[in-house]
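The values are calculated or read from the model by the stated rules, or taken from the named source; none is laboratory data. The model shown is predicted, which means the values in this text are computed figures rather than measured ones. Methodologically, a virtual Cβ is constructed for each residue, glycine included, from the backbone with ideal geometry; neighbour enumeration extends over all protein chains shown. Side chains included, ligands, DNA and RNA excluded: accessible areas come from the protein's heavy atoms. Shrake-Rupley method; radii C 1.70, N 1.55, O 1.52, S 1.80 Å.
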Amino acid sequence: MSNTLVHDYALTTGAKPVLLNVLSIDDDEIDRMRLLKICRKAGLMVDFTEAANLDEMRECLEIDHFDLVFIDHDLGMDTGLDALRILLAHEDQVSAIPIMLTSSVDYHIAVEAMRRGCADYIVKDELTVDALIKSVTSAIERRALYGALTDARASETELKSIFERFMLSCGPEMRELLRRSMMGVRAVKMQARSDDSVDPTLLSNLSMFERGAKDLVAFMDDLESVVGAGRRLTVSELRKRLQ
């Protein structure tokens, strides 16, 4: 569990909180001090690093790893979206959770910030202890959800790859073996209709084998549907996909 997720757990269960590494990017020193004060009132244990512009931000990102990054949208000649782009592109800050702060109630900015990868958005005039806790908690929960979805997609891709290799290497031979075996079973059962000398136990075992073979064929059909994203694939199509 990441540092931020551990702290989220602490907030909701009353467990001892952990230290969060926080970066505040804001050209207004008073706003930075206010954010730090609210973090402490919210019960957050933070190492609080401040940057007044993008150059200072870049320097901070090179020195330390951050759990939370609060980004002011209005940074003088630059915007919070510029800062967000720099943060998301930094290979050492992939676990940092960005939250945008702004002085204006312009929800077009909020939508754009979220679309570009910001975890949440808070209007400065609405920044309270409750609003901060809600924003941080929801941001962490969304990050955890996205991570779970990414892992699920990766697992699904890996499973499909395994199925494809299986169907390509073993599928044709297994189908042929099953076809021949079922033909043999049917031949014996046809003989049994005119020959009372066939052992009933053998017939019962052959019937069980036939049902199992049919189930196996159905299972292979299901695998083909999975690797084909809902459609049947021929062996030649599978080979093309693996090339």
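Quote the accessible area belonging to Arg85 in square angstrom, nearest 10, computed with a 1.4 Å probe and with ligands, DNA and RNA left uncounted.
Result for Arg85: roughly 140 Å² accessible.
With all protein chains present and a 1.4 Å probe, how do Ser24, Ser138, Ser103 order by accessible area, largest first?
Ser103, Ser138, Ser24
Quick one: length gained pulling Met77 to Leu19 fully straight, 0.36 nm per residue minus the C-alpha distance?
Once the chain is fully extended between Met77 and Leu19, it gains 17.6 nm.
How high is the FRET efficiency between Arg175 and Arg85 when r is their beta carbon distance and R₀ equals 51 Å, given to the nearest 0.05?
After rounding, the FRET efficiency stands at 0.45.
Go ahead and run the numbers for FRET between Met33 and Asp130, Cβ-Cβ distance against an R0 of 30 Å, rounding to 0.05.
The formula returns an efficiency of 0.90 here.
Only Lys, Arg, Asp and Glu count, each charged at its Cβ (+1, +1, -1, -1), so figure out the dipole size of segment 25-154 about its Cα centre, rounded to 20 debye.
700 debye
Report the local net charge at Met114: Lys and Arg +1, Asp and Glu -1, summed over other residues whose C-beta lies under 12 Å from its C-beta.
Summing Lys/Arg as +1 and Asp/Glu as -1 gives +1.
Could you pull the accessible area for Phe209 with a 1.4 Å probe, rounded to 10 Å²?
Its accessible surface works out to 90 Å², give or take rounding.
Using 0.36 nm per residue of separation minus the Cα-Cα distance, give me the extension gain between Asn205 and Thr157 in nm, one decimal.
13.4 nm
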